[in-house]
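Everything on this sheet refers to the single structure shown next.
Derivation of every value follows stated rules applied to the coordinates shown; laboratory data play no part. Quick caveat: nothing in here was measured; it's all calculated off a predicted structure. Every residue, glycine as well, gets a Cβ built from its backbone with ideal geometry; the counts of neighbours run over all protein chains shown.
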């Protein structure tokens, strides 16, 4: 019987301009939580860890000798991250998004009903 995988959490990452923006939209209960597993444990439980990363949107640190660690994330998470980096890479976009976030936090958002339009119209 194989030994249960050992999972650890690590501290909040060192945030840069773009990731500071993204950090605003990460739920507080998720901040500072990231799975960490050593290479041997990953190798012995590869399918389980890959399923966890893919199905649960987890990000995993694979620890290696000499601190040459690897980050594992799903393709969907990677694509989302790259899209966000592209969107916030433009200072005007970033400022507009921060203004929108502030308006939302100050209760200045409004709900609107949508109407369905018949394809024939």
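Fewest Cβ neighbours within 10 Å first, please rank 74, 100 accordingly.
Ranked by crowding around the Cβ, least crowded first: 100, 74.
Note the full-extension length gain between residue 92 and residue 77 as 0.36 nm times their separation in residues minus their Cα-Cα distance, in nm to one decimal. Can you show the working numbers first?
Working: separation 15, 0.36 × 15 = 5.40 nm, distance 2.44 nm.
This chain segment gains 3.0 nm when fully extended.
Within 10 Å of each residue's Cβ, count the other Cβ atoms and sort 114, 63, 40 from fewest upward. Before the final figure, lay out each step's value.
Working: 114 5, 63 18, 40 9.
Fewest to most other Cβ atoms nearby, the residues stand as 114, 40, 63.
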